[in-house]
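Below is one structure; the comments refer to it alone.
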């Protein structure tokens, strides 16, 4: 039986002091301790959360208002370094909270792809929608690709994918292509390296690369020669940086349930009752190894995903029943983001495992790749202005060369 854990209220001012006095022993590769500047910035952030109490939280404020999340935040770093990013992102959350829900992800190594796609889109379609006030970034790079037209909406995706395969697993390249993994708060999955936008911003995955083939496909889709990809890729060293880029995605409330769904790790729908049965955890508690007794680790998830898919295909009644229940829940709207995020903001202390809820957004030509859809996508970076300036000059030159080439070969 699933147990909903309620956290008792604590006076925030007292708790902040307690958090900042806790010795941090968190390690990934090397032991570290938050700097005084980091501690001061965290204290300021939590002070602002306290001020917002009773006035209507943003999503980030709601998550940070929960004592267990504040405890986890004491093991985070880089608040001082990213003060400008934090301030601007949280300001935008406040400005847009009435009409939008917000989602966060970090994308390293792809700035060139985003900039090229945005410029090509403007030339083909025009300076439309959110492109007009520079409030849109592309998170996939080919124009009108049928890959991004397979599903009508998030519910259609869930029902079809579960029916065909028994489970969602966005470790598969096929799904990784059409889903974007997001946190529901700037600090979602606090202190959980494998799932945290904040961690991926500050420590991009070393295996990340910018495949030239993606850029070639983008150029061809917009009607430009693929060979220009080499000249464009040559600009990547100009924007080399030790951080990723933070992406803040605002989806209008009226369409959010078409765009995405409430999820857990690897894109699995956030359904505690089914997860509890599937993994044999009673009661279910989520978190990382060392933080939670009987934590569900990455290898176990992969094993269960493989086993469920196999059992689903062979018609095992027990597993088929769980999958059919998940399909039913998807059709009934149990994974709707609107319902989940209203509870997230209005009663965060009562939300089951608030720090471990995520969202998956379905990438479609009509919505996430459409600047005229009402969606806003902002990008934040600590890339030095001098690097950006040099990079922009050289990018402009290559784009002008591409445009001149296109005019030369255009039929008379």
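None of the figures in this text is laboratory data; all of them are computed from the coordinates on show. Since this is a predicted model, take the numbers as computed values, not measurements.
Just to confirm the number: angle between the C-alpha axis of helix 317-332 and the first principal axis of the chain, 0 to 90 degrees, nearest 10?
70
If you fit an axis through the alpha-carbon atoms of helix 36-52 and take the longest principal axis of the Cα set of the chain, what angle between them do you get, 0 to 90°, nearest 10?
Result, in degrees: 80.
If you line up the long axis of helix 154-165 against the longest principal axis of the chain, both from Cα atoms, how many degrees apart are they, to the nearest 10?
Taking Cα atoms only, the helix is inclined about 80 degrees.
Using a Gaussian network model of the chain whose springs link C-alpha atoms within less than 10 Å, name the residue from 305, 209, 116 with the highest mean-square fluctuation.
Most flexible of the set in this elastic network: 209.
Taking semi-axes √(5λ) of the Cα gyration tensor in Å as the quantity of interest, determine which of (1) 108, 27, 22; (2) 36, 28, 20; (3) 29, 27, 24 was computed from the displayed structure.
(2)
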